[in-house]
1. For a quick check: sort 208, 157 by the number of other beta carbons within 10 angstrom, fewest at the front.
2. I'd like the distance between the alpha-carbon centres of the range 210-237 and the range 135-204, rounded to an integer number of Å.
3. Is the shape of the range 93-180 best called rounded, prolate or oblate, per the rule: a/c under 1.5 gives rounded, else a/b larger than b/c gives prolate, else oblate, with a ≥ b ≥ c the square roots of the Cα gyration tensor eigenvalues?
4. Between 101, 124, 151, find the one with the highest GNM mean-square fluctuation for the chain; connect C-alpha pairs within less than 10 Å.
5. Please say if the range 58-137 is rounded, prolate or oblate, where rounded means a/c under 1.5 for a ≥ b ≥ c the square roots of the C-alpha gyration tensor eigenvalues, and otherwise the choice is prolate for a/b larger than b/c and oblate otherwise?
6. Tell me, 108, 202, 21 in order of fewest to most beta-carbon neighbours within 10 Å?
7. In deg cm²/dmol, rounded to 500, what helix-only [θ] at 222 nm does the chain give when every DSSP H run of at least 4 residues adds -39500 (n - 2.57) and the total is split over its residues?
8. If the elastic network links every pair of Cα atoms under 10 Å, which of 242, 79, 146 fluctuates the most in the Gaussian network model of the chain?
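Each reported figure results from applying straightforward, stated rules to the coordinates on display, with no laboratory input. Just so it is clear, the structure is predicted and the values come from calculations on it, not from any experiment. With ideal geometry, Cβ positions are generated from the backbone for all residues, glycine too; neighbour counts draw on all protein chains shown.
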């Protein structure tokens, strides 16, 4: 099976998931009661225009991430710190213990959510927030993605870390690849063996869940879906032997920091705080 076939499978499943979830979580509105209310297409056009600069930055970050991923391994070995041994000292065989509960049904479920669920979880909020009455949720979402990838890119250059399945293959099975060998075609396009700290699967999934909570008034029924799916994806990273628990903890921290910073950037409180710190620093120097 070629990469295009795998991408087609993922695309079809995600599109179907989008359609079903939109029907479930988005409440219908009657424009006859509010003739001035923009249509869904109008709201999408307005919101995308409003967030265009942020979307442009996200596109640039993703492009840089791809370039650095291609050359970053050599750079990491030159300037980075190999944390794999230290991570093992901290948690030892925890991931192997998680895999001791392996069952074909669990492997199928976690493999599905790791690939299909993760793609759905990251893309559905883009569509859902694009049809909101205001652009803030979509802009904050894009800002959190920028920060997640920015933090991840920095860590992947400064840190060398092999995942459990690579560091101790005698104890940890590559369950994703053994149950669905074609997934290697997809995973190899977005990741390398030394880039596991922090877990971006964890950070981005947790980010979506945190934003679902922050904007729960918009889509109350999206919150439980995002939460269950996010937790499932986070567990899957360890169950499948891809990430250490340390990577997961670091990923959750990145998610929290990204959401906090994104909201402060969007509402202007971050720039205000920076200006206050600059003034205090200048006053301290004068004294």
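1. On the way: 208 26, 157 19.
Listed from fewest to most nearby Cβ atoms, that is 157, 208.
2. 19 Å
3. Numbers: a/c = 3.76, a/b = 1.65, b/c = 2.27.
In terms of gyration-tensor shape, oblate.
4. 101
5. Values: a/c = 2.60, a/b = 1.20, b/c = 2.17.
Note, shape of the range 58-137 comes out oblate.
6. On the way: 108 13, 202 26, 21 19.
Least crowded to most crowded, the residues run 108, 21, 202.
7. On the way: 15 runs with 212 residues, N = 287.
For the chain, the value works out to -24000 deg cm²/dmol.
8. Result for the chain, Cα springs under 10 Å: 79 fluctuates most.
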